[in-house]
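Notes to accompany the following structure.
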Amino acid sequence: MDIGVHSDLSLEQEEYAFDVAFQENAVSLLINSKAQMITEKLKSLVRFGSRSTRYKDVFDIYYLHDGVDMEQFKSCIQKYIFEDDTLKNVTSMDEVVKRIERVFTNRRYLQEVEKSGKNWIGIPTEEVLARDLEFLKSIKF
């Protein structure tokens, strides 16, 4: 479970209700869409590059990308990456792909991913990185 605090509720989120069994009311949590979750993970990789220590994100992206709403994903990328003034010169998918390629080919980063123990899906890291990159390259604006 990944819990975060967001001030931007303009994106549609799913609501999950949890029965607490001893009360008449249920507890509800808003859950980000796959598109928003992937965008946040991607943004971190773009921002920090090979200095990123969020190694689990590459495996999360692999897991989440199946069935993602591509139009919603492109909208998230536009809003949270291209329109973010703190991300210098990242205004196209080509630039995002270039940055991710640099991260995924950085020998030190790859060593850290391997020894991190964050591969919760049990698929070889090389396969995960290749599929993540293939997915990002498939996004056309």
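Tabulated data for the structure shown
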read-out	value
Burial ordering of F48, F59, F82, F141, fewest other beta-carbon atoms within 10 Å first	F141, F48, F82, F59
Positive minus negative residues near K137 (Lys, Arg vs Asp, Glu; Cβ under 15 Å)	+1
Three-way shape call for the stretch 34-137 based on the alpha-carbon gyration tensor, with the a/c threshold at 1.5	oblate
Label-point separation in nm, V97 to R51, each point 7 Å along Cα→Cβ	2.7
Extension reserve of the L110-Y63 stretch, reckoned as 0.36 nm per residue once the Cα distance is removed	15.0 nm
Sequence of S116, S138 once ranked by neighbouring C-beta atoms within 10 Å, starting from the fewest	S138, S116
Taking the C-alpha atoms of the stretch 36-82, convex hull volume expressed per residue in Å³	57
Förster radius 25 Å - calculated FRET efficiency between I121 and S44 (Cβ-Cβ, nearest 0.05)	0.85
Dipole magnitude of the stretch 34-137, debye to nearest 20 (Cβ charges: Lys/Arg +1, Asp/Glu -1, about Cα centre)	440
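We did not get these values from a lab; they are worked out from the coordinates using the rules stated. Given the structure is predicted, the values throughout are model-derived calculations rather than measurements. Here Cβ is always computed from backbone atoms with ideal geometry, including for glycine, and neighbour counts include all displayed protein chains.
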